[in-house]
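Throughout, read-outs are computed from the coordinates displayed, never taken from laboratory work. Just so we're clear, the structure is a prediction, and the values are computed from it rather than from any experiment. As a convention, Cβ positions derive from the backbone with ideal geometry for all residues, glycine included, and neighbour counts pool all protein chains shown.
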């Protein structure tokens, strides 16, 4: 019923097929096909994606009610697709809790992924703040007070 009604509404209102159930399904199929083909994305498009995710994350508070999205690296890949030095995958950073319970090695590896080189003089709290800013977490997510 919904399928025929949305198709009829799309036709009557002269909306593109993307507004029909079939159009949405086709768009999802096309998206999977494009991502599977690994078609290189222009740098400006990658930056637009990163900026939109950073903006999204900046409005999530601690991430508990609405988790953060994973921010792609400069090369467009996701850190969660990479392997750590111990051959485990990088865990996603979805909440303030994830940031606060990250061990020092993982914290340093994540910072390096995002192009931040932590000095030995950096406190754990300061490094967590740097990573929080790198993923777009709001300023209310702060660890500098904790060592």
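Inter-label distance, residue 83 to residue 144: 3.8 nm, where each label sits 7 Å from its Cα along the C-beta direction.
At R0 = 41 Å, how high is the FRET efficiency between residue 56 and residue 123 if r is their beta carbon distance? Nearest 0.05 is fine. Walk me through the intermediate numbers first.
Working: r = 28 Å, r/R0 = 0.69.
Plugging the Cβ-Cβ distance into 1/(1 + (r/R0)^6) gives 0.90.
For 50, 141, the sequence from fewest to most other C-beta atoms within 10 Å is 50, 141.
How large is Rg/Rh for the range 43-134, to two decimals, with Cα atoms and a Kirkwood Rh?
Working: Rg = 13.0 Å, Rh = 13.7 Å.
We get a ratio of 0.95 for the range 43-134.
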